[in-house]
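Each value in this text was obtained by applying a stated rule to the coordinates, not by laboratory testing. Just so it is clear, the model here is predicted, and its values are computed rather than measured. Heads up, the Cβs are rebuilt from the backbone with ideal geometry, glycines too, and the neighbour counts pull from every protein chain shown.
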Amino acid sequence: MKKALTEQELHNLAMNHVGKELEQRGFEFVAINSKLKKHPQFVCIDKNSQYYFVLVRAVILPDNPNNYDVVWMETFKKHAREKDAKVLYAGVGLGNPEGEDLPIYLNEEYLIEYNGIQVIETHLN
């Protein structure tokens, strides 16, 4: 019998995709938080010791993974400025290839819409 992925499992799947890209880009992981609604998901540093807070958001297609709550992001950007960190956002859209009304199942193929990591400007407006 097929097992539909839970919201937490979908979040973890999205984090796996983003984590692989961060590794390929040479980031070093300082902290990883996979709990839903706890941010950031990754705290990383680059070769210049610049800290990055990486926010990962999983959505079910056809929702747009590149959209985020702008008001909430402003609050998070303030936190990043206080810690002298940069903010990266990675939206990951996941879906069932057999229909958008169907869940994503464990060990089954799935659709992914991922446009990579976006830099979120933290400067004051």
## Note on the structure
Those residues of segment 61-103 which are among the β-branched types (Val, Ile, Thr) and within 19 Å of GLY19 (Cα to Cα) amount to VAL87, VAL92
### Task
Test SER49 against the stated conditions and say whether it is out of contact with any strand residue (DSSP E or B) (no Cβ under 7 Å at 6 or more places or on another chain) and more than 18 Å from THR122 (Cβ to Cβ).
no
### Message
Among the residues in segment 43-52, are any surrounded by 14 or more Cβ atoms within 10 Å (Cβ to Cβ), of a type outside the set (Ser, Thr, Tyr) and either within 13 Å of MET15 (Cα to Cα) or in contact with a helix residue (DSSP H, G or I) (Cβ under 8 Å, 6 or more places away or on another chain) (or both)?
### Response
yes
### Message
For the structure I just gave you, tell me whether LEU55 is of a type in the set (A, V, I, L, M), touching a His at 6+ places or on another chain (Cβ under 8 Å) and touching a residue at least 24 places away in the same chain (Cβ under 8 Å).
### Response
yes
### Task
Would you tally the residues in segment 65-96 being of a type outside the set (A, V, I, L, M, F, W, C), surrounded by 12 or more Cβ atoms within 10 Å (Cβ to Cβ) and within 19 Å of LEU13 (Cα to Cα)?
8
